[in-house]
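Here's the structure, in structure tokens; my notes come after.
The values are calculated or read from the model by the stated rules, or taken from the named source; none is laboratory data. Owing to the predicted nature of the structure, the values given are computational and were not obtained by experimental measurement. Note: ideal-geometry Cβ built from the backbone for every residue, glycine included; neighbour counts use all protein chains shown. Ligands, DNA and RNA are excluded from the accessible area calculation, which covers all protein heavy atoms including side chains. Shrake-Rupley method; radii C 1.70, N 1.55, O 1.52, S 1.80 Å.
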Amino acid sequence: MGNTIKYDELKALIESNKDLVLIDVRSDGEVAGGRIPGAIHIPVHTLDAALSMNPDDFKAKYGAAKPPLNAPHMVFYCQSGGRSMMATRKAVQKGYTNARNYDGAYSEWSRKQRN
């Protein structure tokens, strides 16, 4: 599937690319247990509203700039890949043409970070 990203590619983007927009769509409780550095937390059930906000409201609520529709690297993740797949589809429907899903999800990320 063309709109997924693998661990190694995501890790390289985090290390090298300031244009990465990384969005964690998990619940508050899950995020409290750890997250990928630099992620914006937007629970999946609020994503539609978040992507419809004007940029000032988005920044006030999430503490980050609202990504432009043509953001070159927009990646969603959750705990196991299901919710972030739905989030990626939603973003694409909203016009975020480069939205991708990290299908390894936080479960893979946290496991690989321990090794």
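For region 1-44, give me the residue count where each residue is part of a helix (DSSP H, G or I), over 14 Å from residue 102 (Cα atoms), touching a residue at least 24 places away in the same chain (Cβ under 8 Å) and within 13 Å of the chain's Cα centre (by Cα).
Within region 1-44, the subset part of a helix (DSSP H, G or I) is 7-16, 28-32, 44.
Still in the list and also over 14 Å from residue 102 (Cα atoms): 15-16, 28-32, 44.
Remaining after also requiring touching a residue at least 24 places away in the same chain (Cβ under 8 Å): 30, 44.
Still in the list and also within 13 Å of the chain's Cα centre (by Cα): 44.
The qualifying residues number 1.
Is it the case that region 56-65 has a residue that's of a type in the set (Ser, Thr, Tyr), free of Cβ contacts under 8 Å to residues at least 12 places away in the same chain and not in a loop (DSSP other than H, G, I, E, B)?
Applying the first criterion (of a type in the set (Ser, Thr, Tyr)) to region 56-65 yields 62.
Next cut, free of Cβ contacts under 8 Å to residues at least 12 places away in the same chain only: none.
No, region 56-65 contains no residue that is of a type in the set (Ser, Thr, Tyr), free of Cβ contacts under 8 Å to residues at least 12 places away in the same chain and not in a loop (DSSP other than H, G, I, E, B).
Within the span defined as region 63-70, one or more residues are open to solvent by less than 60 Å² (accessible area, probe 1.4 Å) and in contact with a strand residue (DSSP E or B) (Cβ under 7 Å, 6 or more places away or on another chain).
Per the listing 87, 105, 50, the residue uniquely in contact with a helix residue (DSSP H, G or I) (Cβ under 6 Å, 6 or more places away or on another chain) and open to solvent by less than 20 Å² (accessible area, probe 1.4 Å) is 87.
Whenever a residue of region 94-115 is in a strand (DSSP E or B), its partners that are aromatic (Phe, Trp, Tyr), lying with C-beta atoms within less than 8 angstrom and at least six residues away or across chains, give the pairs 99/76; 100/76; 101/76; 101/77; 102/7; 102/76; 102/77; 102/109.
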